[in-house]
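Here's the structure, in structure tokens; my notes come after.
Computed from the coordinates by the stated procedures, all read-outs in this text should not be read as laboratory data. Note that this is a predicted model, so its numbers are computed, not measured. Counting neighbours? That spans all protein chains shown, and the Cβs are built from the backbone with ideal geometry, glycine included.
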Amino acid sequence: MKKINDNALIWFQIITIFPEMFRAITDYGITKKAICNNIINIDFINPRNFSKNKYKSIDDRPYGGGPGMLMCFEPLYLSIQYAKSILKNATIIYLSPQGTVFQQSNISKLIDKKKIIFICGRYEGIDQRIIDYYVNEEWSIGDYILTGGELAAMIMIDSIARLIPGVIKKKASIKEETFSKNLLDYPNYTRPKRINNISVPEILLSGNHKKIHFWRLQQSLYKTLINRPDLLKRVLTKEEKTLLDEYKKKYDK
Ligand code: 4H6
């Protein structure tokens, strides 16, 4: 029998007109396993079921004019009330390009909430009164526009799920990650030592753990400097500065 950790159970209630999209996380990999092991639970509410319109429509034109349609207040409001009746005291999250940008450092506070309702917007967005009166947190996954909030919700759930105790086996692999150190990852290699005439860097085969540590740190620092200089705004330690200078001397022209 699999061990079930009741303390860790995080419940996601998702308000979406496209619940089938979420198979990307419910049917594959570690998130699927987390659901099977009762570490996370994902449930759906379709606002279309709350449309009182005879065509089951849930969109309407914006007051003041302009292109496109908006999700109506009522089916969303009724979906939220239903979600809240299932998940008492849940935090209601709305994903939109107007939200605060979601980062790795925001995840732990969300894990502590244990009950989260996601509202997935479609069309050009939703009636502002829902946001003003019923939404607790408005997040964005980054500075780009999607056709709906579903992919954004899945990305948030995936990144939250893997930090829940029991979802990923090795704690070390999480602690060592890019964003906890504010440095990008160093390059990794696995067998064979040589393939298509391409070799693994000699130092990784040396067995000298101290040298390997400094090589990896040097690789991380240089990669970060080139691809994400914004992460290197902090003051470098003397050791980091030395490693970076040494790398630049060797490879920069
Ligand atoms: C809310 C409001 C999230 C949701 C408008 C959602 C990007 C993100 C959406 C919209 C999203 C993000 C609908 C506006 C389509 C543009 C769905 N896009 N849009 N960065 N899209 O987190 O038209």
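Relative contact order for the chain: what is it in percent, counting Cα pairs under 8 Å that are at least 6 residues apart?
18
Out of all DSSP beta bridges with both ends in region 1-157, state the antiparallel percent to the nearest 5. Write down the numbers at each step before the final one.
On the way: 2 of 24 bridges.
Here the antiparallel bridges make up roughly 10 percent for region 1-157.
If you average the sequence gap of Cα pairs under 8 Å that are 6 or more apart and divide by the length of region 79-143, what percent do you get for the contact order?
Once divided by the residue count of region 79-143, the mean separation gives 54 percent.
Looking at region 119-221, which trypsin sites (Lys or Arg not before Pro) are in a loop (DSSP not H, G, I, E or B) and have at most 14 other Cβ atoms within 10 Å?
Lys169, Lys170, Lys193
For the chain, find the longest principal axis of its Cα atoms and tell me its angle to the long axis of helix 150-161, 0 to 90°, nearest 10.
50
Please check the chain for the longest run free of GluC sites (Glu not before Pro) that are loop-located per DSSP (anything but H, G, I, E, B) and have at most 15 other Cβ atoms within 10 Å.
1-123
Counting each pair of different Cα atoms once, what's the Kirkwood radius of region 108-253 in Å, rounded to one decimal?
19.4
Explain nothing, just the number: dipole magnitude of the chain about its Cα centre with +1 on each Lys and Arg Cβ and -1 on each Asp and Glu Cβ, in debye rounded to the nearest 20.
Charge dipole of the chain: 1240 debye, to the nearest 20.
At a threshold of 8 angstrom on Cα-Cα distance, excluding pairs fewer than six apart, so keeping six or more, what relative contact order does region 150-253 reach in percent? Present the calculation step by step, with values, prior to reporting the outcome.
Numbers: 47 pairs, mean separation 24.0, N = 104.
Once divided by the residue count of region 150-253, the mean separation gives 23 percent.
For the chain, what are the per-bin percents of Cα-Cα distances with bins 5 Å wide, up to the bin holding the maximum?
1, 5, 11, 13, 14, 12, 10, 10, 8, 6, 4, 4, 2, 1, 0
Using +1 at the C-beta of Lys and Arg and -1 at the C-beta of Asp and Glu, which of Met69, Ile86, Tyr133 has the Cα lying farthest in the positive direction of the dipole of the chain?
It is Ile86.
In debye, nearest 20: dipole of region 1-110 around its Cα centre with unit charges on the Cβ of K, R (+) and D, E (-)? Display every interim value, and only then the final one.
Working: 13 positive and 7 negative charges, 46 e Å.
The calculated dipole for region 1-110 is roughly 220 debye.
Divide by every residue of the chain the summed helix terms, -39500 (n - 2.57) for each DSSP H run of at least 4, and state the resulting mean residue ellipticity at 222 nm, rounded to the nearest 500 deg cm²/dmol. Mind dumping the intermediate values first?
Numbers: 10 runs with 94 residues, N = 253.
-10500 deg cm²/dmol, from helical runs alone.
On C-alpha positions alone, give me the angle between the axis of helix 238-251 and the longest principal axis of the chain, in degrees, nearest 10.
So the inclination is approximately 80 degrees.
Taking a temperature of 20 °C and a viscosity of 1.002 mPa s, what whole-number D in µm²/s does Stokes-Einstein yield for region 1-83 with Rh from Kirkwood over alpha carbon pairs?
It comes out at roughly 143 µm²/s.
Order the peptides 182-188, 52-58 from the highest to the lowest mean number of other Cβ atoms within 10 Å of their residues.
Result, highest mean first: 182-188, 52-58.
Counting other C-beta atoms within 10 Å, which of Cys72, Cys36, Cys120 has the fewest, and how do the rest follow?
In increasing order of surrounding Cβ atoms, one gets Cys36, Cys72, Cys120.
Can you give me the distance in nm between label points at Lys113 and Arg162, each placed 7 Å from the Cα along the Cα-to-Cβ direction?
2.1
How big is the charge dipole of region 118-253 about its Cα centre, in debye rounded to the nearest 20, if each Lys and Arg gets +1 on its Cβ and each Asp and Glu gets -1 on its Cβ?
That gives a dipole near 1260 debye.
Report D for region 201-253 in µm² per second (integer): Stokes-Einstein, Kirkwood Rh on Cα pairs, 25 °C, 0.890 mPa s.
Diffusion coefficient, whole number: 208 µm²/s.
Among Lys181/Lys233; Lys211/Lys241; Lys33/Lys181, which pairs are too far apart, with a Cα-Cα distance over 18 Å?
Violating the 18 Å limit, Cα to Cα: Lys33/Lys181.
Toward the positive end of the charge dipole of the chain, about the Cα centre and with charges on Cβ (Lys, Arg +1; Asp, Glu -1), which of Asn208, Tyr222, Leu232 goes farthest?
Looking along the dipole axis, the top candidate is Asn208.
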